[in-house]
Structures are given as C-alpha cells and as structure tokens.
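Reviewing the structure listed below.
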Amino acid sequence: MKKSSEIISTYGIRARALLLAALSLLIPSVVAAALGARPRTEIRCVMHLHSNYTRVGNDTLEELVIKARAAGIRAIIPTDHAAARFDYRPFPFIALLSVKKEFPSIMYFSPEKYLTDIALLENKYPDMIIIPGAEVAADYSWSGSFLARDMTVRGWHRHMLVVGMEDPDDYRNLPAVGIKPGGSFNPLMLWPIFLIIAGYGSLRYHPRSGLTLFLAGVILMAGNYPFAGRHPYGGGSLKYSPLDSGNFSRPYQILADYVRSREALSFWAHPEAANREEFPAAMKISAVTEPYPELLRAISSYTGFAVFAEGYRRAGAPGGVWDFVLTEYCDGKRKSPVWAASELDYGGELFGAPVDILQNVIWIERTSSALPSKKDVLTALERGTFYALWKGKDGGIRLKDFYVEGLGGERAIFGGKIKAAGELAVYADIETIDGKTRPAVITIVADGKAVQIIETSAPSRIRHKFTPPRLSGSGTNSPVRGYVRLMIDAGYPDYIAANPVFYERGDTK
C-alpha cells in the first residue's frame with residue numbers, strides 16, 4: 001500500500017484547529033438564539049469513499065481526510081469493500097474446476113488494521129469525525145459455460161453500505177459473500193469416499209483400476225474440503241444456479257438484520273446503476289449487475305438508500321419506490337422509516353468528481369457548547385435529521401432553514417413528527433452557495449403524491465399551505481399518519497432531497 005502523507009501535527013496546530021471548528025459551530029448558534037430560533041449545528045458529511053484498501057481507491061485514508069477537510073467537510077464515512085472476491089465451484093468438483101478472483105479489501109488486509117488506521121486519524125485530526133464503514137455484497141449468481149470458457153457473475157455489484165461498526169469481529173461475521181470461504185457442513189460433499197472404498201476393495205484383484213479409483217477419490221475428497229455445499233447465508237458463491245429461484249432479496253434481508261443487531265446503519269448503494277466489468281483471466285469472466293431499486297421494497301430493517309447520484313430517477317421520484325416504503329411505514333407495515341442519502345463513491349480525483357460534490361447536510365440541535373461527536377452524527381443519520389445534497393463544481397444550493405408546521409404552530413424538521421388537524425405549512429429558505437440567482441423547481445411530496453410544484457428562483461423563501469391527501473376526506477376521528485417531503489431542482493446537478501416530516505392526526509390518542 002502507498003504510504004500515508006507525512007503531516008507534521010503539533011499541539012499548537014491541533015488547538016488552533018479545534019478553536020476554529022468551535023467558533024464556526026458556535027457563531028451560527030448564537031445568531032439563531034438571538035433571532036428566537038432553536039440553535040443547531042450544521043455538519044457536512046460525505047459517505048462512500050474508497051481508499052487504497054480497495055482496487056478502486058487511489059488515496060490513502062489520510063489523504064481522504066485531508067481533502068475532505070480542505071473542502072469544508074466535517075464528517076467522512078470511508079466504505080472500502082468488506083471483501084472483494086467471487087468464485088465458481090461447481091458440484092461435485094468443488095476445487096478442481098473452480099474459478100476465483102480476489103481483490104484488495106478490508107478482509108484482505110484485516111479489519112484490525114483498517115479500524116486502527118481510522119482511530120489514529122481521529123486522534124490526529126480532532127476537528128474531523130471519521131466513521132468506519134464498508135461496502136458489502138450479500139450474494140451473486142453465475143451464468144454462462146465453464147466448458148466454453150465464458151462465465152458471467154451476476155449481481156456482484158449489488159451493494160449495501162454498512163456504517164458505524166467498530167468491532168473487527170463484526171466484519172468477520174458479516175453475512176456476505178467473500179467473507180467466509182465455506183458454508184455449513186453438507187454430507188453430500190463426502191461422496192468421493194465411495195470411490196476410495198471401491199478402489200481400496202479392488203486393489204487385490206484389479207490393482208491398476210483399484211489404485212486409479214482410490215487416488216481419484218482421495219483427490220476429489222481433498223478438493224471438496226471443508227465439505228460445505230453452499231454459502232452459509234444463502235449466497236451464490238458456491239452454486240451454479242439462480243439465487244433461491246429468484247428470491248435474491250433474502251441474503252440482503254439477513255445482512256440488514258445483522259447490521260441492525262450490531263447497532264450499526266445500512267444504506268442501499270447506487271440502486272439504479274447498471275454495472276459491467278471484464279476481468280482478464282484464462283477464461284472470459286464478466287461481472288454484470290442490473291439496477292435493483294425494487295430491493296428497497298423487498299426488504300426491511302435497513303436505514304436508507306442513496307438517492308444521489310444513482311437513485312433519484314425511479315426510487316426517489318414522486319410516487320416511486322421510496323414513497324412506497326414510506327407509505328408502508330405510515331401504515332404500520334414497517335417498523336422504521338427509510339431515509340434518502342447522498343453517496344460519493346469516491347475513489348480519488350483521478351476517477352472524476354471532487355470530494356464534496358455529494359453531501360449529507362446534517363442538522364444537530366445544540367443542547368450544550370460541546371462540539372458534535374461521532375455519536376451525534378450517527379444518531380442524526382439514523383433518525384433522518386439531514387438532507388441529501390448534490391452540487392455542481394462551481395455552485396450549488398443549500399437549505400438555510402426548513403420546517404413543516406402543523407397543529408397549534410408545532411414545527412418539525414426532516415425526520416421529525418408533528419400533529420395535524422387539516423392544513424400543513426411547508427417553509428423553506430433556499431440559498432445559492434455562490435450567491436448567484438438561478439431558476440429552481442420545488443416539489444412538495446405528501447403521502448406519495450406531488451401536491452405542489454413551485455417554479456421560482458434561488459435564493460428564495462417559500463411558505464406553502466396545503467391539506468395532505470390522507471387528511472382530506474378522511475373521517476375526523478379516524479387515525480391517520482402520513483408524511484411530507486421536499487425535492488429541489490436548480491438545474492443539473494444542483495439538487496436537494498429533504499427527508500420526510502411525519503404527521504399524525506391531532507385528535508388521535
């Protein structure tokens with residue numbers, strides 16, 4: 001691996017950095033308090049960065065921190081591949097006819113090293129919040145012909161981002177392909193023992209053929225070790241067939257449940273992206289992954305999905321998959337809502353976009369003068385108190401303020417809840433980062449429908465009153481729960497997707 005950049009860090013420099021960070025966070029809070037608003041801190045966070053722990057990363061972890069810090073980013077979530085390996089081992093010749101490809105990953109170098117490197121950087125850059133993460137594939141399948149030397153691994157780039165796991169064993173126990181090279185014991189894998197018995201019994205009368213059978217059995221038995229017929233979590237790395245007769249969502253449900261059990265977060269990565277790769281090898285090996293927004297509907301327990309840059313056309317559009325799962329949550333069919341996030345998929349500037357082009361802008365309500373912590377950021381991501389931002393290299397937009405107002409003037413920002421009896425009011429104060437004026441289209445989505453499209457220009461302030469679809473025409477005593485969310489289009493790629501505010505009928509108990 002490339003050595004980290006040598007950065008001289010003295011006590012004075014560290015103290016100055018902490019002082020500047022504290023002032024940058026405290027001044028807006030003092031101003032907000034003077035204006036009568038609830039003081040809060042804005043944290044800009046980038047998610048899904050690759051270092052040279054993986055084949056797609058060009059920078060060291062420290063170089064990622066330095067670049068993000070220089071761009072005004074306060075929190076970063078590197079998500080190197082947990083494992084980057086696929087293999088084809090057809091039954092019954094598990095080892096003899098295998099095809100395998102492995103690349104650098106967290107497991108390749110060890111979770112201890114990965115987490116230790118991040119912890120050292122946290123100490124070196126105390127004004128930065130660095131949250132460990134991993135990009136994980138739970139399953140894949142094979143198609144093609146081994147005999148024709150033309151194979152395709154399908155679904156290998158169907159990824160989830162796991163965020164906030166700090167224990168190396170949690171990475172080792174991830175229910176994902178490439179993590180564990182075997183599966184549960186399968187007695188059928190002991191079939192070569194019959195060749196060994198037959199060969200041994202024939203040695204006395206037919207020594208040549210008996211020895212051939214015996215040796216073939218020994219070789220096949222060794223090749224089948226550790227006698228596991230498939231991946232322990234329903235994976236496709238040890239089988240040559242469609243995934244569970246088309247039920248390829250099951251391994252990802254197991255993954256999402258596992259991550260939640262570790263008190264960590266999980267986000268679907270690039271659900272609308274198609275991917276195709278060719279790998280140089282003795283035979284032609286391709287990796288093909290089709291878009292998978294339908295998986296957002298198929299499983300639960302995950303935290304969110306990447307709406308930007310590869311999730312806003314189908315999943316994030318009004319009436320799309322995101323609205324479907326939010327409606328399920330409001331109907332009590334899901335235990336938790338699903339949040340929209342921005343992912344960078346950054347591998348270094350040689351691969352394209354700068355480090356700050358896709359951000360998650362987190363709003364943390366201030367209850368003390370202490371600087372926000374890693375726990376504060378993780379809590380905000382878990383509770384949805386942030387909006388997803390995609391900005392151009394030379395401009396962009398931001399939300400200076402936003403809330404939804406309900407019964408009795410009760411207000412909530414994204415991720416919050418309010419009571420409602422009829423009309424709701426949406427307020428948004430939109431700024432341009434470069435100060436220039438530009439056209440903007442604001443779409444208010446309520447209960448899965450675009451209830452209002454406002455054509456304006458940014459910077460601007462809007463306050464729009466409306467009655468949500470679920471409140472109009474419903475009985476006054478019927479329990480109702482719904483949501484309101486906001487999308488802003490100021491011209492590609494200046495977009496904002498605000499996470500929903502949930503409302504509940506004010507007279508429900």
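The values are calculated or read from the model by the stated rules, or taken from the named source; none is laboratory data. Since we're looking at a predicted model, the values are computed, not measured. Ligands, DNA and RNA are stripped out before the accessible areas are found, and what is left, the full protein with its side chains, is counted by its heavy atoms. Shrake-Rupley method; radii C 1.70, N 1.55, O 1.52, S 1.80 Å.
Table for the structure above
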| quantity | calculated |
| --- | --- |
| The stretch 398-508 - convex hull of the alpha-carbon atoms, volume per residue in Å³ | 86 Å³ |
| Accessible area of the stretch 398-508 divided out per residue, in Å², using a probe of 1.4 angstrom | 43 Å² |
| Exceeding the 29 Å Cα-Cα cut-off - candidates LYS333/LYS419; LYS374/LYS449; LYS333/LYS391; LYS375/LYS449 | LYS374/LYS449; LYS333/LYS391; LYS375/LYS449 |
| Per-residue SASA entry for GLU122, accessible area with 1.4 Å probe, Å² rounded to 10 | 50 Å² |
| Gain upon complete extension [GLU112, ALA198; 0.36 nm per residue less C-alpha separation] | 26.2 nm |
| The stretch 288-401 shape via C-alpha gyration tensor axes, a/c threshold 1.5 | oblate |
| List HIS50, HIS464, ordered by accessible area with a 1.4 Å probe, largest first | HIS464, HIS50 |
